[in-house]
Ligand SMILES: *[C@@H]1O[C@H](CO)[C@@H](O)[C@H](O)[C@H]1NC(C)=O
Ligand SMILES: *[C@@H]1O[C@H](CO)[C@@H](O)[C@H](O)[C@H]1NC(C)=O
Ligand SMILES: *[C@@H]1O[C@H](CO)[C@@H](O)[C@H](O)[C@H]1NC(C)=O
């Protein structure tokens with residue numbers, strides 16, 4: 001890891017220009033549609049997009065670049081009214097061999113009108129997933145755009161909703177717990193039919209009379225280390241005050257953020273794999289015994 005940081009340092013000076021270009025990034029400049037219906041598209045000045053699910057297909061976008069660490073923010077307005085059976089996702093995913101797969105997920109499980117979405121989170125490290133934690137949103141995620149940010153650094157992954165940390169996965173690699181730090185990841189957002197499991201465990205199916213289902217994205221921003229291949233590893237932005245790389249959040253969460261994290265987890269968390277003794281037959285994953293903050 002020390003090597004990575006030195007590499008980053010050497011790039012700082014030459015990258016002031018690079019960084020300011022990133023800061024102006026937009027959905028259109030950073031992403032492309034990788035699958036799905038023709039109706040899904042970039043809108044406005046290119047900083048908005050629709051993800052559409054209809055009877056024919058869902059759809060998805062992915063970033064052109066891949067990254068090794070960064071802060072990735074997206075404003076998302078979820079499918080309104082009867083969204084049962086639909087899943088909208090915002091996630092980072094590694095390319096290459098599945099047995100070493102890394103992934104950091106936000107998934108939004110739709111519901112029938114008036115019933116709450118579930119904010120479903122997961123993380124795969126070196127091929128292993130199954131680390132789900134779920135939350136009920138404390139707001140209506142379909143009424144307006146909300147800020148979903150994945151903050152991925154060498155020391156921890158933090159999932160933020162409107163700047164409130166809802167989950168932390170700390171790097172305990174020194175204790176033998178795998179951490180996503182070997183593979184570059186692309187940013188993805190998509191919508192698809194998941195009515196076999198998403199809503200009340202698959203009891204509520206998609207009502208196609210409501211199709212097309214539309215999730216709206218806006219204001220994608222990455223402050224990230226661009227992956228440059230195995231030779232140069234990655235390029236990070238300059239350590240300006242606005243830059244995640246030198247921010248306090250990079251090294252630790254403030255007391256205020258920790259208070260918010262506890263508030264969400266005490267009041268809005270509905271599932272935690274670390275408490276699912278049956279799933280693991282009592283042999284809980286190592287990170288479940290370590291402080292996550
Ligand atoms: C991103 O990738 C897509 C598909 O490969 C390509 O059409 C598009 O021009 C690329 N965008 C940028 C800004 O490089
Ligand atoms: C979104 O949340 C992240 C993490 O808290 C924050 O850095 C960023 O400024 C927020 N963006 C907007 C547009 O509010
Ligand atoms: C949908 O609503 C039901 C009933 O309130 C609730 O049990 C469930 O957790 C909600 N969310 C999903 C995605 O099933």
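What to note about this one:
- FRET efficiency, residue 228 to residue 290 (Cβ-Cβ, R0 35 Å, nearest 0.05): 0.65
- Highest average packing first - 117-128, 273-284, 39-50, Cβ atoms within 10 Å: 117-128, 39-50, 273-284
- Value of relative contact order over region 25-289, rounded to a whole percent, pairs C-alpha under 8 Å and six or more apart: 26 percent
- For the peptides 187-198, 167-178, the ranking by mean Cβ contacts within 10 Å, running from highest to lowest, is 187-198, 167-178.
- With all projection directions averaged, the alpha carbon convex hull of region 25-289 covers 14.8 nm².
- Point-to-point label distance, residue 81-residue 95, nm (Cα→Cβ direction, 7 Å offset): 4.0 nm
- Taking every alpha-carbon pair within region 85-193, the share separated by more than 24 Å comes to 25 percent.
- In region 166-233, the convex hull through the Cα atoms has an average projected area of 8.6 nm², a quarter of its surface area.
- Cα extents for region 141-184 along the principal axes, largest to smallest and rounded to whole angstrom: 43, 20, 13.
Values quoted throughout were computed directly from the atomic coordinates according to the rules given, and no laboratory measurement underlies them. For clarity, every value in this text was computed on a predicted model and none was experimentally measured. Please note: Cβ atoms are built from the backbone with ideal geometry, for glycine as well, and neighbour counts cover all protein chains shown.
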